[in-house]
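Novice: Starting off with a structure, shown below.
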Amino acid sequence: MARTEQVLVLEPQHELKFRGPFTDVVTATLKLTNPTDRNVCFKVKTTAPRRYCVRPNSGVIDSGSSVNVSVMLQPFDYDPNEKSKHKFMVQSMLAPYDMTDMEGVWKEAKPEELMDSKLRCAFEMPLENDKTTEHSALPKSASASLDDGEVKKIMEECKRLQMEVQRLREENKQIREDDGLRKRKPTSMAATHPSSSSVMATSAMRDEGLSIRVLALCVLFFVIGVIIGKLAL
């Protein structure tokens, strides 16, 4: 006796496509829709149960509703010369009105009450130009984002740091001038017997001027590092 025609609507209808690379779990979605006025029990079976994880693999679909079934292919060594022989079958039957035990319903079901649809599996690797597009999309997006907002912030920060460096230079110049004036003052005592305090003061001024120059260089290196870091993202 011929089986009853499948009442569920499958999307896709005939083939589940899994797109590589297959070094990680790859998931395909199978949508089951019940267009009838009855609840429908379903089961999803495969010829390679160790290679796939199916959630949910069984259940009841209410009248007029749908269920998305996630079919997860486990990682494996892909061979482009090997064709996939894996297949899936969606088995279904109208749920009894007084159903309380779904497993019992499946066990007691008559062959003519069962409906099934079969799907084959297909493995695909992304094309080389697709990989290039995917890899180039992020830098392009990052560059656009950098042009819009980040560059403006960098330029403002650079301007502020340049003003700070200029201020430090002026302070350093003033310190040098003051130091020169002190040296030119005619103090015979200082000329013959320079006090330790004046020597220490002069040394401190020089150290301070050197520290300011070092700080200015550090600020410039920081600005360059920020700009290079932002452009590299």
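The values are calculated or read from the model by the stated rules, or taken from the named source; none is laboratory data. Since the structure is predicted, the reported quantities are computational estimates derived from the model, not experimental observations. Don't worry about glycine lacking a Cβ; one is built from the backbone with ideal geometry, like all the others, and counts go over all protein chains shown. Quick note on the areas: whole protein, heavy atoms, side chains included, nothing else; ligands and nucleic acids left out. Shrake-Rupley method; radii C 1.70, N 1.55, O 1.52, S 1.80 Å.
Novice: Only residues that are more than 28 Å from the chain's Cα centre (by Cα) and farther than 22 Å from A95 by Cβ: list them for region 36-78, please.
Specialist: Of everything in region 36-78, those that are more than 28 Å from the chain's Cα centre (by Cα) and farther than 22 Å from A95 by Cβ turn out to be T46, T47, A48, P49, R50.
Listed here are the residues, each with its yes/no results for (1) assigned to a strand (DSSP E or B); (2) open to solvent by 70 Å² or more (accessible area, probe 1.4 Å); (3) of a type outside the set (F, W, Y); (4) touching a residue at least 24 places away in the same chain (Cβ under 8 Å).
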{"site": "E82", "(1), (2), (3), (4)": "no, yes, yes, no"}
{"site": "K85", "(1), (2), (3), (4)": "no, yes, yes, yes"}
{"site": "F88", "(1), (2), (3), (4)": "yes, no, no, yes"}
{"site": "M93", "(1), (2), (3), (4)": "yes, no, yes, yes"}
{"site": "G104", "(1), (2), (3), (4)": "no, no, yes, no"}
{"site": "D116", "(1), (2), (3), (4)": "yes, no, yes, yes"}
{"site": "C121", "(1), (2), (3), (4)": "yes, no, yes, yes"}
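Novice: What do you reckon, is S58 of a type in the set (G, A, S), surrounded by 14 or more Cβ atoms within 10 Å (Cβ to Cβ) and under 21 Å from V105 (Cβ atoms)?
Specialist: yes
Novice: Anything in region 79-102 that is in contact with a Ser or Thr (Cβ under 9 Å, 6 or more places away or on another chain) and modelled with pLDDT of 90 or more? List them, or say none.
Specialist: Passing the criteria: K85, H86, K87, F88, M89, V90, Q91, S92, M93, L94.
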